[in-house]
Amino acid sequence: MPYTLSNGHVLPEIGLGTFRIPDGLAVTECVSIAIENGYRNIDTATLYDNETGIGYALKSTNLPREQFTVTTKVWNTDQGFDSTLAAFERSKRKLSLDYVDLYLVHWPIKAKLRDTWRALESLYSDGQVKAIGVSNFSVEHLKMLMDFASIMPVVNQIEFHPQLQSPELVQFCKVNDILVQAWAPLMRGQCDRLPTLNRIALNHRTSPEAVCLAWIKSQRIMSLPKSSHSMRIRSNIQACDLTLSQAEINAISEIDSDHRLGPPLNHFWL
């Protein structure tokens, strides 16, 4: 089931994460395989340094532009008003796109937040992006942004998986019509270490990764699983068809241990 953002723009129910997939043939092949298997949302960032290869894959598809969505992000060193606008132009050129569907602030930088967000609002008002949002923002960061923003963020992309559920942050986002997107939803390959996921996977004759993605979907959170393997790319999107019982959903929800794989949300908050 697609996600309708608070501004009316629609995102597919799952996306392809591309973090650490090298530019060139590697990422072009991954994106092409993903599109062939039904993915219609591609997530990248300036930091990933693979926008050119993604752009080549998108140009090679026969899909009309309006049938796929692309997200990219402004990196920390590019934040600020003029520098964010310049960074966006570089990303758009590399992606070979006339517009970007979703443009995010990659990490909150206290000293640059106001000017960076003003640049995103300008891009949105000019029609160069369909929606704007943030990544790795805590409740504190979001409240500060919302105090001065003329246009509210529609997305907050955060690390989210069964062992890092951040209930207070997720609830704040939902109350404020901010879609949560999950990066590292498969715990960077550690799903099979969780007995609960293995047990439920056995009951459904599927993988613990599929169970993990199905649980995230049950939370009305959009997953962005990253993979460079064709079989995994296919199996991840097939997980969209898996439905868990309420008892299974509850069992997974009980294994939250605040176990973070990436940096804390205040990592760059200077």
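The values are calculated or read from the model by the stated rules, or taken from the named source; none is laboratory data. Since we're looking at a predicted model, the values are computed, not measured. Reconstructed Cβ throughout: ideal geometry from the backbone, glycine too, with neighbour counts over all protein chains shown. Accessible surface areas use protein heavy atoms only, side chains included; no ligands, DNA or RNA. Shrake-Rupley method; radii C 1.70, N 1.55, O 1.52, S 1.80 Å.
Quick notes
- Rg over Rh for the range 78-163 works out to 0.97, both radii taken from alpha-carbon positions and Rh defined as the Kirkwood radius.
- Solvent accessible area, Å² - Met152, 1.4 Å probe, full protein context: 80 Å²
- Prolate/oblate/rounded label for the chain (Cα gyration tensor, a/c 1.5): oblate
- Computed [θ] at 222 nm, helices only, for the chain once each DSSP H run of length n ≥ 4 contributes -39500 (n - 2.57): -12000 deg cm²/dmol
- Kirkwood Rh (inverse of mean 1/r, distinct Cα pairs), the range 160-223, angstrom: 12.2 Å
- Nearest-20 debye value, the chain charge dipole, Cβ charges on Lys, Arg, Asp, Glu: 280 debye
- Accessible surface of Trp215 - all protein chains present, 1.4 Å probe, nearest 10 Å²: 0 Å²
- For the range 200-270: rounded, prolate or oblate by the Cα gyration tensor [a/c cutoff 1.5]: oblate
- To put it simply, the accessible area of the chain at a 1.4 Å probe is 50 percent carbon and sulfur.
- Hull volume per residue, based on the alpha-carbon atoms of the range 1-104 and their convex hull, is 100 Å³.
- Other residues within the sphere of radius under 14 Å centred on the Cβ of Asp192, judged by their own Cβ, net out at +3 (K and R +1, D and E -1).
- The mean accessible area for residues of the chain, using a 1.4 Å probe and ignoring ligands and nucleic acids, is 44 Å² per residue.
- Our note on the geometry: Cα centres of the range 66-114 and the range 241-267, 29 Å apart.
- 19 Å Cα-Cα reach of Lys143 towards lysines, excluding residues that sit fewer than 8 places from it in its own chain: Lys110, Lys112, Lys174
- GNM remark for the chain: springs join alpha carbons under 10 Å apart, and the peak mean-square fluctuation among Leu197, Leu213, Leu25 falls on Leu25.
- Relative to the longest principal axis of the Cα atoms of the chain, the long axis of helix 25-36 lies at roughly 70 degrees.
- Annotation: Cα Rg of the range 131-192 relative to the compact-globule expectation 2.2 N^0.38 Å equals 1.17.
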